[in-house]
Amino acid sequence: MNEHVTQVRFAKPATGLPTAETWAFSHDPLPEPKEGEVSIRLHYLSIDPAMKGWITNKRSYIESVPLGEVMRGFGVGEVIASRTDYFQVGDFCTGFTGIQTHATLDGRTLRKVDPQLAPLSRYMGGLGMTGFTGYFGLLDIGKPQAGETVVVSSAAGAVGHVVCQIARLKGCRVVGIAGGPDKCRYLREELELDAVIDYRAGSLGEALSAAAPDGIDVYFDGVGGETLDAVLARINRHARIVLCGAVSQYGQLENMVGPGNYMQLIAQSGLMQGFTMRDYIKRMPEAFVELLTWEKQGKLKFREHIVEGIEQFPQAVDMLYRGENHGKLMLKLV
């Protein structure tokens, strides 16, 4: 195979959020697949908040990306060569492919997908890890009941907008928190949430009290920091706090700020639990079928923010951490 391959490598540690200097581009030949391996041409690459954690040395759910190696990332693409009976040339698959235009990988690390069921981009978003994250986090840990109040931070983001819609499907009162008028308008007009808060527009605590006058039963947290504190001050008895991310802290992982109002978890017999998709790998087909069914029924709609070209990776990462993406952010390569 004489494929022209472009890779993004982890070139320089970042003390805060990644910058252009964090990454380097390389061009290496695509290795021929060995027994059990496949070579794929990537169509889409996922841009995820977890990327900052993947390039730090702090203890986490997965090992750090070594300096100089291809940056970790999810991708979806087409098999162009195979030495495994499971994958045939022309099949499509997804998994940890790395941020590169082509890859040769162990076939056992990849999951086959069907582009006839949904567009390939869906497998990076609503029908991929972000959709699964929202599904399991809300339903397994949050356990929302009809009539309860569910608050979602980063509500217009890749995971948040899925969580908001599932909570509505379950008959809950849903309050979305987002930054800026465009995102808030989307939550209010397109997702039709019961209340929307622009955290940049004034006192978050006062806005929460007004939007959730009967208190908060479930909180799906993607930001941490002051937002988590403000919610904890207003939780109801037996509230469930789902910790999915802490984007407000990613620029200061060496000196993170924890919740000051955690005593409310004791006073209200509340539960606060974190999770990653590592907890639910074997149950992904369940989430896929449910989410796809809801989409086909018109009960769920996925928002995607697509940037063209692998050369835009540094700018896309910047966009993500500045909160400029609208829905699931990804790169389109083909």
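Please treat every number below as a calculation from the coordinates, not as lab data. Everything numeric here is computed off the predicted structure, so don't read it as measured data. Because the Cβ atoms are built from the backbone with ideal geometry, glycine has one as well, and the counts that use them run over all protein chains shown.
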> Which net charge results for the neighbourhood of residue 140, defined as the other residues with beta-carbon distances under 14 angstrom from its beta-carbon, given Lys and Arg at +1 and Asp and Glu at -1?
Replying inline: +3
> Please state the relative contact order of segment 223-315 as a whole percent: Cα pairs under 8 Å, 6+ residues apart?
Replying inline: 29 percent
> Rounded if a/c is under 1.5, else prolate if a/b beats b/c, else oblate: with a ≥ b ≥ c from the C-alpha gyration tensor eigenvalues square-rooted, which is segment 39-159?
Replying inline: oblate
>> Longer than 22 Å from Cα to Cα, which of 112/143; 143/183; 183/282; 52/328; 52/282 are they? Say none if no pair is.
In response: 112/143; 143/183; 183/282; 52/282
>> For residue 43, what residues show an amide H to amide H distance below 5 Å, using hydrogens built from the backbone and excluding near sequence neighbours?
In response: 76, 77, 78
>> So I have (i) 62, 48, 36; (ii) 63, 45, 34; (iii) 56, 43, 40, and one of them is Cα extents along the principal axes in Å calculated from this model. Which one is it?
In response: (ii)
> Given a cut-off of 21 Å, what percent of all Cα-Cα pairs of segment 1-104 lie beyond it?
Replying inline: 38 percent
> Residue-wise, which Karplus ³J(HN,Hα) couplings in Hz belong to segment 303-315, taking 6.51 cos²θ - 1.76 cosθ + 1.60, θ = phi - 60°, and x for glycine or proline?
Replying inline: 9, 10, 10, 10, 10, 8, x, 5, 5, 8, 4, x, 5
> Counting Lys +1, Arg +1, Asp -1, Glu -1, what net charge surrounds residue 198 among other residues with beta carbon under 13 Å of its beta carbon?
Replying inline: +2
>> Give me the percent relative contact order of segment 1-107, please, defined on Cα pairs under 8 angstrom at least 6 residues apart.
In response: 34 percent
> Using unit Cβ charges (K, R positive; D, E negative) and no other charged atoms, how large, in debye to the nearest 20, is the dipole of the chain about its Cα centre?
Replying inline: 540 debye
> Taking a spot 7 Å from the Cα of residue 112 along the direction of its beta carbon, which residues of segment 69-104 have an amide N less than 16 Å from it?
Replying inline: 77-95
> Using modelled amide H (1.01 Å from N, peptide plane; none on Pro or chain starts), what sits under 5 Å from the amide H of residue 6, excluding residues fewer than 5 places away?
Replying inline: 101, 102
>> Starting from the 7 Å offset along Cα-to-Cβ, what nm value, one decimal, do you get for the label separation of residue 35 and residue 69?
In response: 2.5 nm
>> Give me the percent relative contact order of segment 54-139, please, defined on Cα pairs under 8 angstrom at least 6 residues apart.
In response: 21 percent
>> Highest mean first, how do 92-101, 18-27 rank when packing is the count of other Cβ atoms within 10 Å averaged over residues?
In response: 92-101, 18-27
>> For the chain, give me the percentage of DSSP beta bridges that are antiparallel, rounded to the nearest 5 percent.
In response: 55 percent
> What does the highest-first list of 163-171, 178-186, 124-132 look like by mean Cβ count within 10 Å?
Replying inline: 124-132, 163-171, 178-186
> Based on Cβ point charges of +1 for Lys and Arg and -1 for Asp and Glu, what charge dipole magnitude is obtained for segment 190-334 about its Cα centre, in debye rounded to the nearest 20?
Replying inline: 440 debye
> Okay, helix-only estimate at 222 nm for the chain: each DSSP H run of n ≥ 4 adds -39500 (n - 2.57), divide by all residues, round to 500 deg cm²/dmol; what do you get?
Replying inline: -5500 deg cm²/dmol
> Long-range amide H contacts for residue 272: which residues qualify at under 5 Å (H placed 1.01 Å from N, peptide plane, sequence gap of 5 or more or a different chain)?
Replying inline: 241
